[in-house]
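Below: the structure, in structure tokens.
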2 protein chains.
Amino acid sequence: MNEFNEYFKSAFTVDNVIFGFDEGDLKVLLIKRGEEPYHGKWGLPGYFVYPNEDLDTAAKRVLEQLTGLRNVFLEQVKTFGTVNRHPFGRVITVAYFSLIKISHYTLQPSSIARKAKWHSVAEVEDLAFDHNDILNACFNRLKWLVRSRPVGFELLPPKFTLTELQHLYEAILETKLDKRNFRKKILTMDLLVDLEETQEGVAHRPARLYQFDRNRYEQLLAEGLSFELKESKRKEPAERKPRTKRTPQEMA
Amino acid sequence: MNEFNEYFKSAFTVDNVIFGFDEGDLKVLLIKRGEEPYHGKWGLPGYFVYPNEDLDTAAKRVLEQLTGLRNVFLEQVKTFGTVNRHPFGRVITVAYFSLIKISHYTLQPSSIARKAKWHSVAEVEDLAFDHNDILNACFNRLKWLVRSRPVGFELLPPKFTLTELQHLYEAILETKLDKRNFRKKILTMDLLVDLEETQEGVAHRPARLYQFDRNRYEQLLAEGLSFELKESKRKEPAERKPRTKRTPQEMA
DNA sequence: CACACTTAGTGTATATTGTACACAATTTTA
DNA sequence: TAAAATTGTGTACAATATACACTAAGTGTG
């Protein structure tokens, strides 16, 4: 076994890419690093895996320690192991990702992480280590995932409107969808429970609220669900007319 | 940096799951281990990653050193890191997979690997380490892949018949497909070049030979190819009649 | 309190794709 | 020359995807 000693000098970490959805925008959870290396820079919540700890366990622990988030389902995505990706030595990192409802969790950044904050995925700056690459890989995974199954309920509050759901899909897929076809597709899957409630406090016709039917979802998965949403080719509607009365004829 | 020293005591390896297709059967390349641990057992071709070596590079090197296979495209699948998966200490392993044409490569097992041999995926025995889990994960990846794009040309010789292609898909998907629908689907994708040649030395009507059109494939991928093959629900044909003359009427 | 504003909600006709299914054609072999 | 083996082909029907526009139901305001 002596001959192998030279190999036992490396370390590994886990990094978590946590997606959320808020204000019509896809977000990712970042922490402002409170220690070296990259002290003061934004990065993904990650840390070393303990010697006696499984990878999945480590990912959960690290996430909780850095942000206070608990009971989050994490899925392994990819491992990054470029030789010089970490200044302290040879460190490979296993990337995990998850989808959560932002409003349901309260961030409690630890002392190591000085700050944890949701950032718009579209506007993420230059991150510590190779975290931009990692984020990218996870974002691609999310896009891929959302095409193959009606994921994304994880990102919405328990009660949501069909329009919110559609906006979520549009944000992830970076495309526009046709309202009627989207609704038809979602509703025929029988995945939503109509709560027979409506929105309140909006200055327009309030939308119905729905809830995700998790049992039905498990059932569909077991059946080998396939799910595809195609981009709407509809041309942009012409600009809104200014605030004046319109005669019925104009509406044809 | 001192505080981190305890983390720099682990090692990592790469393990390769190489699939091939031969005699109508999906195969995986295994080596008979020539050193401890698990000396004498069959396992995946894998080894430690050198301290100054990237993961992808290591996967390629290891594969070549153990089997003589070169220029094989390898794709990362998943990382396995259970605490006690390796008797020598904390070792996590990154699994890679690939598809190759068996007939195109000659195996040249190294002295470390006493033997490299293709095994039927369906009949793989108890392997070293957690290699059964790794193989499983990669097999699932292959199934998933084959559903989303017309992969698998990688597994066939450069010239092949449509029936061979169909058998390959049936082997991977563990299902039966309808001949006419399969051909229609494949041919309308315009992925095959009809070589205007036929099989030789078969005791029946010889089949046309086709070649895979790689350019067209790249193009389809860029367009965001989607591809789905559904199981044939056709009932098994009744048992063949014995070798006797049949009148035309009987064939209705 | 009427009307302007905003967003929700709905249906249909057409095109595309998937599916089930059976027999004639071409080669070898005895 | 007949049988065996396997290739190769088409069509009708069903299911799914797509394009598309107006009415409904609230709120705000002048």
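Just so it is clear, none of the values below were taken in a lab; they were calculated from the coordinates. Here the structure is a predicted model, which means the values were calculated and not measured. Cβ sites come from the backbone with ideal geometry, for glycine too, and all protein chains shown count toward neighbours.
Side notes on the structure shown:
- Peptides B:201-214, A:94-107 ranked from most to least packed, by the mean per-residue count of other Cβ atoms within 10 Å: A:94-107, B:201-214.
- Neighbourhood charge, 15 Å Cβ-Cβ cut-off, centred on residue B:3 and excluding it, Lys, Arg +1 and Asp, Glu -1: -2
- Converting phi to 3J(HN,Hα) with the Karplus coefficients 6.51, -1.76 and 1.60 and the offset θ = phi - 60°, region B:153-163 yields 4, 4, 8, 9, x, x, 10, 8, 9, 5, 5 Hz in sequence order, with x at every glycine or proline.
- Of every Cα-Cα pair in chain B, the percent that sits beyond 24 Å: 56
- Close amide H contacts of residue A:41 (hydrogens built in the peptide plane, cut-off under 5 Å, sequence separation of 5 or more or a different chain): A:33.
- Entries of A:179/B:185; B:27/B:101; B:41/B:115; B:27/B:117 with Cα pairs more than 19 Å apart: A:179/B:185
- Peptide-level mean, for B:91-103, of C-beta atoms on other protein chains within 10 Å: 1
- Gyration tensor (Cα) of region B:4-55, equivalent ellipsoid semi-axes in angstrom: 30, 15, 8
- Modelled label positions at residue A:52 and residue A:196, each set 7 Å beyond Cα in the direction of Cβ, lie 5.6 nm from each other.
- Shielding score for B:48-56, defined as the mean number of other chain Cβ atoms within 10 Å: 5
- Cα centroid of region B:58-97 to Cα centroid of region A:164-194, whole Å: 41
- When the alpha-carbon atoms of region A:84-137 are used, the pair Rg, Dmax equals 13.5, 38 angstrom.
- Among chain A residues, the one whose Cβ is nearest the axis of the rotation from A to B, given with its distance rounded to whole Å, is A:79, 2.
- Rounded to the nearest 5, the antiparallel percentage of DSSP beta bridges internal to the protein assembly as shown is 75%.
- Neighbourhood charge, 15 Å Cβ-Cβ cut-off, centred on residue A:116 and excluding it, Lys, Arg +1 and Asp, Glu -1: +4
- If R0 equals 51 Å, the separation of the Cβ atoms of residue A:114 and residue B:132 corresponds to a calculated FRET efficiency of about 0.70.
- Inter-chain neighbour count for A:59-66: the average number of beta-carbon atoms from partner chains within 10 Å of each residue's beta-carbon is 0.
- Cα shape, the protein assembly as shown, gyration tensor, a/c 1.5 rule: oblate
- Approximating the spin labels as points 7 Å out from Cα along Cα→Cβ, the residue A:145-to-residue A:103 distance works out to 2.1 nm.
- Unit Cα scatterers, Debye sum, region B:1-96: log10 I(q)/I(0) for q = 0.11, 0.17, 0.20, 0.25 Å⁻¹: -0.37, -0.82, -1.07, -1.45
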